[in-house]
Amino acid sequence: MPDGSRPRTPVAAASALFPPREERRRLDDRLTDALLTAEARVAGGPVTPTIDLAAFGGELAGFDFTVPLPLDALLQWTIARLEEGVTQVTHPRYFGLFNPAPTFPAQCADRIAAAFNPQLATATTSPAAVEIEAHVIRAVARRAGLPEASGGHFTSGGAEANFTALICALTRANPGFAENGARAFTGTPVFYVSNESHLAWFKIAHQAGIGRAAVRLVATDGAGRLDPSVLLAAIAADRAAGHVPVMAVATAGTTNAGMIDPLVACGVACREFGLWCHVDAAWGGALIASDRYRGLLAGLDDADSVTIDAHKWFAATMGCGMFLTRHREVLSTAFQVTTGYMPSNQGGRDPYVTSMQWSRRFVGLRLFLSLAAAGWGGYARHVEHSVEMAALLKAKLARFGWRIPNRSPMAVLCIEPPPRSADVAAIVNRVLASGRAWISKADFEGRPVIRACVTHGETGPEDIAALVEALEAAR
Ligand SMILES: Cc1ncc(COP(=O)(O)O)c(C=O)c1O
């Protein structure tokens, strides 16, 4: 009898944690079925949570974990509660932050990764998984126009990738940073981001040990983009004051408004002053898939490093970001550590000595399978479709006198209601209360706006029409 079919001991077979194979198949089939029917119900129901949290709290309190319960019932219970207990990002009328309806190949990747559960710390233990991730990173870097020898890795998301950029910039600016942190610098290390950047930068500066005051917020140009003349003046002033500028960040697709900072001018400023140039393309990076739109990111190819989130416009499941850099040797300097208990320690190869995390899930498989199944062309259509839907929304709203102050080439609109309407917060609250769509409020260049972003690959003209109706009814 081959080893794989040898029956387990009765104790293990009875275990709820490791059910026998036939029982797992039965549970799996029922789970797949329940998830598919739930997805269909979600698409036809409210986008916003409807759960009675008080009752739910009572139900949760009943789980005291003393008596084992049947997994089958637990799975059905969990799906039912999530159906009413979360904002439905898989709903085609979720016009939200960049939480996508995940691609099906990415969902399959999660199952496979969970089943094999490879440890992504070392290439020695998980050679195929590490190679798959490295292959995707090389392909994305190439597509972004970075040199062939570029490197990088998958991250938990954009914030970790941006954190990695700052650590690289500090390490490059002063070889003593690795050993002595901020004390290695003769003045205070500082870096530059725009007012409209993603402000996890404050947390990042704090964690890097250079303090939140190191973040220099550069004014925008009135249209939501970093103003390069203000950047140049700020760097010069900091230098004159004895501070040490280490990095400037251009955002390619601002969180609020989808604006693209002047990447070329930021690169020129960085080179003039010897700063690390990072492009935060967490959302907008997916434009590289489209031949029609990738030119919008001209200058990306000159960056020292780039953040692109696979879990934003590439629609991988959460959390899946990417950090790319033309200076892969800096990663080895920044994250090297030696231990006796790890099976290997290869600077260019083992993820635990070239990135922040140690034990890590095989997240890169999500983008590998999605890219392999759809090709760059499939992603090009995905991105272009979102932009078309946003343009359609803009045109429809204009007919009713709504204004769109952000001129983003991407799939997000900042919306101002027509004169004599209710205020932005009231309109957003009414739309959310109706459950017909999910939108949010934001600020654009100091003005309150309604933010609607097309994040779902299957949002169609009928969903756009429904959102316009909901907005009209709410004003
Ligand atoms: C431009 C930008 N950068 C970084 C981030 C942070 O990414 P994450 O939430 O994946 O950590 C976001 C999130 O929305 C973002 O919009």
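The values are calculated or read from the model by the stated rules, or taken from the named source; none is laboratory data. Here the structure is a predicted model, which is why all the values come from computation and not from measurement. Every residue, glycine as well, gets a Cβ built from its backbone with ideal geometry; the counts of neighbours run over all protein chains shown. Just so you know, the surface numbers come from the protein's heavy atoms only, side chains and all, with ligands and any DNA or RNA stripped out. Shrake-Rupley method; radii C 1.70, N 1.55, O 1.52, S 1.80 Å.
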Calculated FRET efficiency for the pair residue 28/residue 338, C-beta based, R₀ 35 Å, to 0.05: 0.25
For the stretch 129-169, Kirkwood radius (reciprocal of mean inverse C-alpha pair distance, Å): 11.0
Accessible area in square angstrom per residue, the chain, 1.4 angstrom probe: 45
Charge-dipole axis of the chain as Lys and Arg at +1 and Asp and Glu at -1 on Cβ define it, positive-most pick from 380, 338, 66: 380
Stretch gain in nm, segment residue 108-residue 264, where the contour uses 0.36 nm per residue and the Cα spacing is subtracted: 52.3 nm
For the chain, convex hull of alpha carbons as volume per residue, Å³: 177
Dipole of the chain, positive direction: furthest Cα of 412, 185, 392, with charges on the beta-carbon: 185
For the stretch 408-456, size of Cβ-based charge dipole, Lys and Arg +1, Asp and Glu -1, in debye: 180
Label-zone membership for the stretch 235-271, site residue 440, 7 angstrom Cα→C-beta point, backbone N under 18 Å: 251-260
Free-standing Cys, the chain [no other Cys Cβ under 4.7 Å]: 108, 168, 266, 320, 414, 453
Computed accessible area, residue 168, all protein chains, 1.4 angstrom probe, square angstrom: 0
Percent of C-alpha pairs per 5 Å bin, the stretch 320-436, short to long: 2, 8, 11, 12, 11, 9, 9, 10, 9, 8, 6, 3, 1, 0
Percent antiparallel among DSSP beta bridges (both partners in the chain, rounded to 5): 55
Debye log10 I(q)/I(0) for the stretch 161-288, one point scatterer per Cα, at q = 0.12, 0.22 Å⁻¹: -0.40, -1.34
Count of Lys pairs (Cα-Cα under 22 Å; at least 8 positions apart or interchain) in the chain: 5
Ordering of 148-154, 121-127 by burial proxy (mean other Cβ atoms within 10 Å per residue, highest first): 148-154, 121-127
Contour excess over end-to-end distance, with Cα ends at residue 212 and residue 60 and 0.36 nm allotted per residue: 50.8 nm
At R0 = 51 Å, FRET efficiency that the Cβ-Cβ distance of residue 78 and residue 329 yields, to 0.05: 0.65
Over 13 Å [Cα-Cα, the stretch 411-463], rounded percent: 62
